[in-house]
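The values are calculated or read from the model by the stated rules, or taken from the named source; none is laboratory data. Everything numeric in this text was worked out from a predicted model, so none of it was measured. A quick note on method: Cβ atoms are made from the backbone with ideal geometry, for glycine too, and the neighbour counts reach across all protein chains shown. Keep in mind that these areas ignore ligands, DNA and RNA; they rest on the heavy atoms of the full protein, side chains included. Shrake-Rupley method; radii C 1.70, N 1.55, O 1.52, S 1.80 Å.
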Amino acid sequence: MIKTIISTALPADEHFKIEKNVFSNGKGKGRVCIVTGTHGDELEGQLVAFYVAKRLRENPSALNGTVEIYPALNPLGIDTIQRGIPNFDLDMNRIFPGSPNGTMAEQTAFAILEDLKGADLVIDIHSSNLYLRETPQVRINVNDEQSLVPLAEMMRIDFIWVHDAATVLEATLAHSLNSTGTPCLVAEMGVGMRVNHKMCRRLTDGIFNLISHLGVWTEPVDVSHLAEPMVCKGDSVEFLNADTSGVFLTEKRTGTYVSQGECIGQIVSPMEGIVLSEVVAPCAGFLFTLRAYPIVYEGSLMARICRI
């Protein structure tokens, strides 16, 4: 059943609206919400939403509760391939909890938050941006570590990053929900404006494994192909930044292990045909972030490594 969360008139006789698809069956009272499309250039959540909805439609008898899918929290951004909300110059994930009396964007954020409140679990799906490639991961604020890490582990995702609290994160959907007692996991993977089918299928299986533990899904889930998650604390992460500007070349992949001193890639000069600098692992560890866009400036983030 498709329901409208908020509908607002646009200037040229059109309407902006946020919708959700509600799947409900059985006597279970559990409620799980899948949200995505907060950033218009992050598209992998669209495929995960499709996979989840397809599985629910094909086997409704296995559902014992309610699953709600919100595929596009920022539909204007998706329509115009922009990260933020067009014409407002706003990052949708920096205006929560919103306001019922604010701008259209603030009213939208408020309506979304109010609609999600009270769920047993919210899974907020993101991709990376155009510049970085991320291994499938769940990011958790250190303040919510005890309650959320066990849930994230049930998703059998590759990597769980427990990061330090930051002021900028206080305006996100996840922080707003967690601070009101509605547990929210933030999943991130891939690269902006692209879709990785394998990652999306794995995340979908992980989601169904999690909701089966919550009693909302009764069909067995095959997790033999999924990873045992690595849990990484914020102070165990090394950030690698470019020493110079140029073109970054690498044959490394995220989700792999590197040794201390190992060359991850080179920054080269196309003009001179020389290597300007090498990006070297400062420690042994798990490479979970890697530069995807090859043009770099001095100081650009090149990689993140979780120390072993």
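L214 is checked against (1) among the aliphatic types (A, V, I, L, M); (2) within 18 Å of the chain's Cα centre (by Cα); (3) open to solvent by 60 Å² or more (accessible area, probe 1.4 Å); (4) at pLDDT 95 or above and fails just one. What number does that condition carry? All conditions are met except number (2). In the range 29-57, the residues that are of a type in the set (S, T, N, Q) reach residues that are in a helix (DSSP H, G or I) and open to solvent by less than 20 Å² (accessible area, probe 1.4 Å) with C-beta atoms within less than 8 angstrom, at least six apart or across chains, in these pairs: T36/G45; T36/V48; T36/A49; T38/M92; T38/N93; T38/L173.
Scanning the range 187-221 for residues that are out of contact with any helix residue (DSSP H, G or I) (no Cβ under 7 Å at 6 or more places or on another chain), farther than 23 Å from E42 by Cα and not β-branched (V, I, T) yields S212, L214, G215, P220. Looking at V223, V195, just one residue is more than 20 Å from T256 (Cβ to Cβ), in contact (Cβ under 8 Å) with a residue 60 or more places away in the chain and under 20 Å from the mean Cα position of the chain (by Cα), and that residue is V195. Looking across the range 1-28, the residues that are open to solvent by less than 80 Å² (accessible area, probe 1.4 Å), free of Cβ contacts under 8 Å to residues at least 24 places away in the same chain and over 17 Å from Y70 (Cβ atoms) come down to A9, L10, A12. Among the conditions (1) more than 14 Å from the chain's Cα centre (by Cα); (2) modelled with pLDDT of 95 or more; (3) of a type in the set (A, V, I, L, M); (4) not in a strand (DSSP E or B), the only one that V168 does not satisfy is (2). Here the range 88-141 is the region considered, the condition is being small (G, A, S) and part of a helix (DSSP H, G or I), and the residue that is surrounded by the fewest Cβ atoms within 10 Å (Cβ to Cβ) is A111. Check the range 191-205 and report whether any residue there is among the small types (G, A, S) and either at pLDDT below 95 or surrounded by fewer than 18 Cβ atoms within 10 Å (Cβ to Cβ) (or both). No. Per the listing E251, E278, E238, the residue uniquely at pLDDT 95 or above, farther than 18 Å from I157 by Cα, out of contact with any strand residue (DSSP E or B) (no Cβ under 6 Å at 6 or more places or on another chain) and open to solvent by 40 Å² or more (accessible area, probe 1.4 Å) is E251.
The set of residues in the range 32-47 being closer than 21 Å to L113 by Cα and either touching a helix residue (DSSP H, G or I) at 6+ places or on another chain (Cβ under 6 Å) or open to solvent by less than 40 Å² (accessible area, probe 1.4 Å) (or both) consists of V32, C33, I34, V35, T36, G37, T38, H39, G40, E42, G45.
Let's see how each residue does on (1) more than 23 Å from the chain's Cα centre (by Cα); (2) of a type in the set (S, T, N, Q); (3) over 20 Å from G234 (Cβ atoms):
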residue: T256; (1), (2), (3): no, yes, yes
residue: Q260; (1), (2), (3): yes, yes, yes
residue: S269; (1), (2), (3): yes, yes, yes
residue: A281; (1), (2), (3): yes, no, no
residue: A292; (1), (2), (3): no, no, yes
residue: E298; (1), (2), (3): yes, no, yes
residue: R307; (1), (2), (3): no, no, no
